Structure formats: C-alpha cells, structure tokens
1. Which residue, of 59, 88, 118, 50, is in contact with a Lys or Arg (Cβ under 6 Å, 6 or more places away or on another chain) and at pLDDT 85 or above?
2. Checking the condition modelled with pLDDT under 90 and under 30 Å from residue 148 (Cβ atoms), which residue from 110, 79, 30 passes?
3. Among residues belonging to the stretch 137-158 that are surrounded by 15 or more Cβ atoms within 10 Å (Cβ to Cβ) and of a type in the set (D, E, K, R), point out the one that is farthest from residue 101 (Cα to Cα).
4. Return yes or no: is residue 134 surrounded by 21 or more Cβ atoms within 10 Å (Cβ to Cβ), in contact (Cβ under 8 Å) with a residue 24 or more places away in the chain, more than 23 Å from residue 29 (Cβ to Cβ) and aliphatic (A, V, I, L, M)?
5. Evaluate the following for residue 128: is it in a loop (DSSP other than H, G, I, E, B), in contact with a helix residue (DSSP H, G or I) (Cβ under 8 Å, 6 or more places away or on another chain), more than 16 Å from residue 22 (Cβ to Cβ) and not acidic (Asp, Glu)?
6. Looking at (1) outside any loop (DSSP other than H, G, I, E, B); (2) closer than 22 Å to residue 165 by Cβ; (3) under 16 Å from the mean Cα position of the chain (by Cα), which one does residue 113 not meet, given that it meets all the others?
7. Here are the criteria: (1) modelled with pLDDT of 85 or more; (2) more than 20 Å from residue 158 (Cβ to Cβ); (3) of a type outside the set (Ser, Thr, Tyr). Tell me which single one residue 11 does not satisfy.
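The values are calculated or read from the model by the stated rules, or taken from the named source; none is laboratory data. Every value quoted in this text rests on a predicted model; they were computed, and no experiment measured them. So basically every Cβ, Gly included, is an ideal-geometry build from the backbone, and we count neighbours across all protein chains shown.
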Amino acid sequence: MALFKPKYPLEAILNKFSIIHFAGHARIDDEHPFQSYIYLGPNESPAYRSKLKLFNVLSLNIPNVEMLVLNACNTGIGDYLSGEGLISFAWAFHYAGCPSIIMNLNETDDYAAMKILSIYYENLKEGASKSSALQMAKLEYLESVPPSKTNPKFWSNTTLIGSTAPIYSPKWQNLFVYIAGVTLLLVLGFVFRKRLFKVL
C-alpha cells in the first residue's frame, strides 16, 4: 500500500511545536479503519469537509513533537490488526514518531475534557511526569465537580500511552506559543480545506 504525502507541508508545521493539541470531532470507520478521520473545522462550516485521515497520518514523520493530545472522541480505539494491535489515531501518530499521546477511549464530555486537560497542562508546567500530571488532574477534577459529573464516563476515558517522562524544557515558559499551534492547525483547516488531505 503506497502512502500519500499531503500537498501542503503539514509535517513541517507539526515539527515546529513540542506539543500539539487536537480539539475536535473524530469519526471512526470500523469496517475501514485507515479511512477514519478527524474533522478540521466546525460542523456548521464548509471546512467541516476537511478531514485528517488516519491513512494520511501514517505518511507523516514528526520526531520533534514531544507530546500530542487527541482531544476527540474514540481516538484510542479501532479495529484490531494482528501484529499491530488497535488501528487507532493514537497508534498512527505513535507510528509517525510521537513518543507520548493523550487519547480518548470512548465518547468525550467536552466540559470534563476541557477541565482535566487545563489542569493537566498546569501540572506539566510544574514539572510533573506526564502520567502523574494526568492522575492529579483527574483527582482535582473529581474534587471540583458535583456528584453528577463524577461518573467514570466523564473522566476515565482520557488516557496516556508512550513515554511518561516530564517535560522540563524551558520552552514551557512560552506555553502559549505552543498552544498557538492548535489555532494554526484550525486556521489551516479553513484556508486549505480543499487541498490538505486527499487520497489518490
């Protein structure tokens, strides 16, 4: 199977950032897992037709990305392939060279995900390991929400795979520069919606 290189250099853009955060919607294709995709625009926009397909992720090489957050539904699940495991977006980005990935194992509650990940980034900034930062974020979330929001379906699906090492880089002093990468990716989804990811 030949892998298709996107016409726009998404790979070069991703490699400019240590942390990439995808916040959006994902659609998992159980019958054809390589055709699963993440939307690159809101559903009321024409850019909603722009999709980052799992197949295209496999053609990327992103060794400069230290951590990738896939804040979308079901990004850690997929069809099982013997010798590889679950063919998920987390698997695909790990294959592309990212050592640490935050993924969701099922449907995601937007409020819970936003709150947990906001605390998570603060914990990372303080020097916690990626796994400890996530554990502490979930505990703080549970302490701060009403009982109706403590059901595991709200918080347990957010999971880390790969390297758990802390991020000590002084680049954290410019955290918002890296989070700006998220905005950049969304803008690209609008501007280049017809040219980004096409399978030959």
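1. The unique qualifying residue is 59.
2. 110
3. By that ranking, first place goes to 149.
4. Criteria met by residue 134.
5. On the way: in a loop (DSSP other than H, G, I, E, B): yes; in contact with a helix residue (DSSP H, G or I) (Cβ under 8 Å, 6 or more places away or on another chain): yes; more than 16 Å from residue 22 (Cβ to Cβ): yes; not acidic (Asp, Glu): yes.
When the stated conditions are applied, residue 128 passes them.
6. (2)
7. Result: residue 11 passes all but (1).
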